[in-house]
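This report concerns only the one structure given below.
The values are calculated or read from the model by the stated rules, or taken from the named source; none is laboratory data. No experiment lies behind these values; they were computed from the predicted model shown. Cβ: placed from backbone, ideal geometry, glycine included. Neighbour counts: every protein chain shown. The protein model used for the area step is the full one, side chains on, heavy atoms only, and it has no ligands, DNA or RNA in it. Shrake-Rupley method; radii C 1.70, N 1.55, O 1.52, S 1.80 Å.
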Amino acid sequence: MKRRIKIACLAHGIGGRGSGVRRLVLDQASAWGRPESGVSVGVFVRCEAGTEADWRGQPHVVAVTSSRLGMVGRFVARELLSLRVALWRPDVIYLRHTTVSPSLLMLAALFPTVVGGDLDDLDEYRIRSPLRYWYARLTRDRLLRRARRIIVVTGELARHPELRRLDRPTSVLPNSIDVTDYPDLPAPDNAEPRLVFIASPRMAWSGIDKVARLAELFPTWRIDVVGPDRDEFADPPANLHIHGFLQRDDYLPLMAAADVAIGPLALHRKGLSEASALKIAEYLAYGIPVIMAHRETAFPDGAPFLLELPNREDGVEASVAQIEAFVTRWKGRRIERAAVAPVDARMVEAKRLQMVVAEASVRKAYSLREPMA
């Protein structure tokens, strides 16, 4: 019997059950690890302290580490996790881009390594943490230069001068989700439009101030906000309903009631105009059309169910007529599931798996069987 190729999926700093990245990692492992794929997948994760139970026992998860002991504890947990990966002896490593440490450099020297994920960390660190920004500037190229291949989530990142100067093979694939894991919601029947906005707290580029402005411009519409707390809004209008952090089961009724969803509206604040947002993929899996202010990688030519606003500070004010027409057109409707296939893990991850396996040391023994269904 032909030996199955072993792929170690290594991820750092991931949250628990409420994290979209956790869902992405597990969906990815599930798509890759189907019996007919010819590979064995092992997930190695350093999670946030207190979320260990959300990872242990999940399919394909081999090792989970975390630490409550600050920076030193996180460093030790990181190095121990790399040791577990090395002892598992993978044929190839798929590493979600993260802060560089000595053990990651060691792994990339010992095993073929593909680096993937959101490589816009320099722009984000520049905004949030000057110390981490300078550390990343000084160290990340040492890891990326050892990668057999880099897979980024947008064409914009692939063209970034910081990445192009590394002269490494680079591919573009959007983030994906298992669409079948999300209920096919029936269309709502609201007297007035309802919108939903879900984002991480205290992220200027999500554009919560623009969501508040949208509520002011359309006072008869109800907008539900999940993630950010009330203290992030100076004087929210009455039709802006702020729920704070909710688990997926808790915000599902808001999704079911929504005619339209809202994606990031201020990526220009970190110098980007293209994205592959997991939350937008989730909206689409529920069949909800989306207003956003960037180009989605999975839909390079746009789509009838995506309204792209100008990616600038006055993007909402400059698009009042277009927003009203889009919401009116989609009120009481849902997107057909077949139309969102470009974000479905079964489609996207078959391509990613082929790229990862191509870098394995035993690549000759592998023959990809498509489709993965």
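Here N190 meets the list (1) over 30 Å from L217 (Cα atoms); (2) touching a residue at least 40 places away in the same chain (Cβ under 8 Å); (3) open to solvent by 20 Å² or more (accessible area, probe 1.4 Å); (4) of a type outside the set (D, E, K, R) almost entirely, failing just condition (1). Residues of the stretch 64-76 include at least one that is over 21 Å from G116 (Cα atoms), open to solvent by less than 50 Å² (accessible area, probe 1.4 Å) and either part of a strand (DSSP E or B) or in contact with a helix residue (DSSP H, G or I) (Cβ under 8 Å, 6 or more places away or on another chain) (or both).
Listed here are the residues, each with its yes/no results for (1) assigned to a helix (DSSP H, G or I); (2) closer than 20 Å to A285 by Cβ.
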| residue | (1), (2) |
| --- | --- |
| A191 | no, no |
| W205 | yes, no |
| A212 | yes, no |
| E216 | yes, no |
| T220 | no, no |
| M255 | yes, yes |
| A261 | no, yes |
| L265 | no, no |
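The set of residues in the stretch 79-101 that are modelled with pLDDT of 90 or more and buried (at least 18 other Cβ atoms within 10 Å of the Cβ) comprises L81, S82, V85, P90, D91, V92, I93, Y94, L95, R96.
The set of residues in the stretch 248-273 that are open to solvent by 30 Å² or more (accessible area, probe 1.4 Å) and either of a type in the set (S, T, Y) or on the phi < 0 side of the Ramachandran plot (or both) comprises R248, D249, D250, L252, P253, A256, H268, R269, S273.
Would you confirm, using the coordinates I've provided, whether S40 is under 25 Å from the mean Cα position of the chain (by Cα), at pLDDT 90 or above, part of a strand (DSSP E or B) and of a type in the set (S, T, N, Q)? Yes. When restricted to residues that are out of contact with any Phe, Trp or Tyr (no Cβ under 7 Å at 6 or more places or on another chain), of a type outside the set (V, I, T) and either assigned to a loop (DSSP other than H, G, I, E, B) or closer than 14 Å to E156 by Cβ (or both), the stretch 276-302 contains 12.
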